[in-house]
1. Is it true that V60 is at pLDDT 90 or above and open to solvent by less than 100 Å² (accessible area, probe 1.4 Å)?
2. Can you report the number of residues in segment 23-48 which are at pLDDT below 80 and over 26 Å from the mean Cα position of the chain (by Cα)?
3. I need a count of the residues in segment 1-20 that are loosely packed, with under 10 Cβ neighbours inside 10 Å and closer than 18 Å to V44 by Cα.
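The values are calculated or read from the model by the stated rules, or taken from the named source; none is laboratory data. Given the structure is predicted, the values throughout are model-derived calculations rather than measurements. Neighbour counts run over all protein chains shown; Cβ positions are idealised from the backbone, glycine included. Calculation scope for accessible area: heavy atoms of the full protein, side chains included, ligands and nucleic acids excluded. Shrake-Rupley method; radii C 1.70, N 1.55, O 1.52, S 1.80 Å.
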Amino acid sequence: SDALKVIQEEEMERLRSIQKVLMDNRPMERDRESPLGLIEAVIVGIYKGPQLIFRVIDRVSELMQSSPLQDQDDVVKNLSSESSANLDGSNRNDDDDDDVDDDDNRD
């Protein structure tokens, strides 16, 4: 039983070592045209393709449920009407004139 545990631990270490080498030297990144690179690209595409499609569907449904944005012309009109209201003095604050610099009062 002790020999079996030792062999199991050695095999687990060997597996971790192989996984690390594969993660560092992925065939798809090194040589995509090689058979291993093509196989990895196909498997990754099969795995990630449905995830991408579901994300796109979720995002489209989210956008369809949201309210429409203002047209750029409407935004410009709103900004120009706000700026003209500010120029008319409707938002003027008379408290600003009460502040006097102490530098003017020095002898």
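1. yes
2. 5
3. Residues flagged as loosely packed, with under 10 Cβ neighbours inside 10 Å and closer than 18 Å to V44 by Cα within segment 1-20 amount to 0.
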